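Asks: Have a look at this one.
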Amino acid sequence: MTPAAPGPAGLRAALAARVVVADGAMGTMLQAQDPSLDDFLQLEGCNEILNVTRPDIVRSVHEAYFAVGVDCVETNTFGANHAAMAEYGVADRIHELSEAGARIAREAADEFTASTGRQRWVLGSMGPGTKLPTLGHVTYAVLRDAYQQGAEGLLTGGADALLVETTQDLLQAKAAVLGARRALSALGVDAPVLVSVTVEATGTMLLGSEIGAALTALEPLGVDMIGLNCATGPAEMSEHLRHLSRHSRVPLSCMPNAGLPVLTKDGAHYPLTPAELADAQENFVRDYGLSLVGGCCGTTPEHLRQLVER
């Protein structure tokens, strides 16, 4: 087999030729290492700050996923957007934290590529933030420009693709995609833009949009892939993936939670076992022709190890 090429072109080729496996949850893996308030610069919960203060912790998460055989990892930049950073008073650091996050993932990916002879890639994570433009929480232009800053940081740091994920508001998704496109243009880079929407257990996105509306809104923006992540486990995603498989003209992705969370005295528990996740994704690949699979909340390196093996 010809070895996969590096960079965005190599990732595009891999997505077209086979099923590419991404990583699983990031936040819980970071929390498990018990970073201190000083590590967070007193901004408790601002995981993106760790890209600067504790790159060793962030890198260890990427390494744990690469070690079980995933093809690509997501950067620790889910919250590096206007809404989340503004809440911590660090909205001026979006580019810096995005670039730092991408560099950490890039270094880990390159080391595993060199040591295993198998190409590994980096997906630049662009999360939804906490403000919904459709509800008037923030203007479209402010979001778009902040997403452009984040995307430029991710690309400068070495991301092979931009992943607009966990989108709950189609106007927010559009702002992120257009910000990403502006960044690609500004830097003269050609990298895939992937979009993953979140459909709640109710069967629609948070603001009531159905999966058909999401496809209709996002596909004309020239995205390279569309899919689902977060909110539910795989069982609740099947009908939405079926719709996408029948109507989408671009490849599909799926990164479910490890089932619907069960609240316990110790917090949320995700019940789906690694074998159950692998079973579900195997069925989805067979039935719906997915190109990119992975996990979201509650999934661990063991979930991904079994998915890779499958």
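The values are calculated or read from the model by the stated rules, or taken from the named source; none is laboratory data. Please read these numbers as outputs of a predicted model, since none were measured by experiment. A quick note on method: Cβ atoms are made from the backbone with ideal geometry, for glycine too, and the neighbour counts reach across all protein chains shown. What goes into the accessible areas is simple: the full protein's heavy atoms, side chains included, and nothing from ligands, DNA or RNA. Shrake-Rupley method; radii C 1.70, N 1.55, O 1.52, S 1.80 Å.
Asks: Give a residue-ordered list of calculated ³J(HN,Hα) values for region 41-56 (Karplus: 6.51 cos²θ - 1.76 cosθ + 1.60, θ = phi - 60°; whole Hz; x for Gly, Pro).
Replies: Running phi through 6.51 cos²θ - 1.76 cosθ + 1.60 with θ = phi - 60° gives 6, 6, 9, 4, x, 7, 4, 5, 4, 5, 4, 9, 8, 9, x, 5 Hz.
Asks: Let me ask something additional. Using the Kirkwood radius built from alpha carbon pairs, what does the Stokes-Einstein equation give as D for region 15-55 at 20 °C and 1.002 mPa s, in µm² per second?
Replies: The calculation lands on 180 µm²/s.
Asks: Now for a separate question. Provide Rg over Rh for region 157-310; use the alpha carbon set for both Rg and the Kirkwood Rh (inverse mean inverse pair distance). Spell out each step's value before the answer.
Replies: Working: Rg = 15.6 Å, Rh = 16.0 Å.
Rounded to two decimals, Rg over Rh is 0.98.
Asks: Also, quick follow-up: How high is the relative contact order of region 90-241? Use alpha-carbon pairs under 8 Å, at least six apart in sequence, and give a whole percent. Don't jump to the answer; show the numbers that get you there.
Replies: Values: 269 pairs, mean separation 33.0, N = 152.
Across region 90-241, relative contact order equals 22 percent.
Asks: While we're here: Over the chain, what is the relative contact order in percent, taking alpha-carbon pairs closer than 8 angstrom and at least six residues apart?
Replies: Details: 662 pairs, mean separation 57.0, N = 310.
In percent, rounded to a whole number, it is 18.
Asks: Where the accessible area of region 64-163 is counted over protein heavy atoms with a 1.4 Å probe, how much of it, in %, is carbon and sulfur?
Replies: Details: 1790 of 3320 Å².
Looking at region 64-163 in its full context, I get 54 percent from C and S.
Asks: Per-residue accessible area for residue 132 at 1.4 Å probe radius, Å² rounded to 10?
Replies: Using a 1.4 Å probe on the heavy atoms, I get roughly 20 Å².
Asks: Here's a follow-up. Just one of (i) 6, 26, 33, 23, 9, 1; (ii) 6, 29, 39, 22, 3, 0; (iii) 5, 21, 28, 26, 15, 5, 0 is P(r) over Cα pairs in 10 Å bins from 0, in percent as worked out from the coordinates here. Which one is it?
Replies: Among (i) 6, 26, 33, 23, 9, 1; (ii) 6, 29, 39, 22, 3, 0; (iii) 5, 21, 28, 26, 15, 5, 0, the one calculated here is (ii).
Asks: Charges on Cβ only, +1 for Lys and Arg, -1 for Asp and Glu, centred on the Cα centroid of region 1-54; of 45, 16, 32, which one is farthest towards the dipole's positive end?
Replies: In region 1-54, that residue is 16.
Asks: For region 200-292, which whole percent of the accessible surface, found with a 1.4 angstrom probe, sits on carbon and sulfur atoms?
Replies: Working: 2270 of 4310 Å².
C and S atoms contribute 53 percent here.
Asks: State, as an integer percentage, the relative contact order of region 1-145 based on alpha-carbon contacts under 8 Å between residues 6 or more apart. Provide the component values of the computation, followed by the final result.
Replies: Details: 186 pairs, mean separation 36.8, N = 145.
Taking the mean separation of contacting Cα pairs over the length of region 1-145, I get 25 percent.
Asks: Where only protein heavy atoms count, and the probe is 1.4 Å, what is the accessible area per residue for region 175-305 in Å²? Write down the numbers at each step before the final one.
Replies: Details: 5380 Å² over 131 residues.
For region 175-305, the solvent-accessible area averages 41 Å² per residue.
Asks: Express as a percent, rounded to the nearest 5, the fraction of DSSP beta bridges in the chain (both residues included) that run antiparallel. Spell out each step's value before the answer.
Replies: On the way: 3 of 26 bridges.
Within the chain, antiparallel bridges account for around 10 percent of the total.
Asks: Next question. Calculated from DSSP H runs of 4 or more alone, at -39500 (n - 2.57) each and per residue, what is the 222 nm mean residue ellipticity of the chain, nearest 500?
Replies: One gets -14000 deg cm²/dmol as the mean residue ellipticity at 222 nm.
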